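This structure is in structure tokens; I'll ask about it shortly.
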Amino acid sequence: QVQLVESGGGLVQAGGSLRLSCTASGRFFSDMSWFRQAPGKEREFVAAINWSGGAIYYSDSVKGRFTISRDNIKNTLFLQMNSLKSEDTAVYYCAGGEAGVTTFPNDYDGWGQGTQVTVSS
């Protein structure tokens, strides 16, 4: 059974940092990504990385503040989030697929259950 399990979310003050983790089991995904969804909004692409880490892409809203990385030995994806803002408040989802480093949710066929990140101003 394929599972993606996120952890590391929580409540943090604006300007603070959090590190999200996503551990996959049952399958290795060549391409992995983070998406987020705020209440009343559509799911939004955050960052993506290919298997080697040689291809990384960020949304403009997080570029320079967030860093995506992965540990293939542990089959784990990370998202280091610095200089957090209130607009970063959302449920964060990790996703895995084989379609390349894309920003489209439909290109990913494995999803975690999400972890809540709340940034207080």
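Just give me the residues in segment 38-60 being open to solvent by 30 Å² or more (accessible area, probe 1.4 Å), under 11 Å from the mean Cα position of the chain (by Cα) and within 15 Å of VAL91 (Cβ to Cβ), in sequence order.
Answer for segment 38-60, where residues must be open to solvent by 30 Å² or more (accessible area, probe 1.4 Å), under 11 Å from the mean Cα position of the chain (by Cα) and within 15 Å of VAL91 (Cβ to Cβ): just GLU44.
Ok, one more. Kindly provide the set of residues from segment 66-98 that are open to solvent by less than 60 Å² (accessible area, probe 1.4 Å), closer than 16 Å to PHE35 by Cβ and not in a strand (DSSP E or B), ordered by number.
The answer is ASP88, THR89.
Turning to a different aspect of this structure: With (1) touching a Gly at 6+ places or on another chain (Cβ under 7 Å); (2) of a type outside the set (Val, Ile, Thr); (3) open to solvent by 10 Å² or more (accessible area, probe 1.4 Å) as the list, and LYS63 as the residue in question, which single condition is left unmet?
Checking LYS63 against (1) touching a Gly at 6+ places or on another chain (Cβ under 7 Å); (2) of a type outside the set (Val, Ile, Thr); (3) open to solvent by 10 Å² or more (accessible area, probe 1.4 Å), the one that fails is (1).
Working only within segment 30-56, note down all residues that are of a type in the set (Phe, Trp, Tyr) and within 22 Å of SER86 (Cα to Cα).
TRP34, PHE35, PHE45
The values are calculated or read from the model by the stated rules, or taken from the named source; none is laboratory data. Remember, predicted model here, so these are calculated numbers, not experimental data. Cβ coordinates were reconstructed from backbone atoms using ideal geometry, including for glycine residues, and neighbour counts include every protein chain displayed. Note: areas computed on protein heavy atoms with side chains; ligands, DNA, RNA excluded. Shrake-Rupley method; radii C 1.70, N 1.55, O 1.52, S 1.80 Å.
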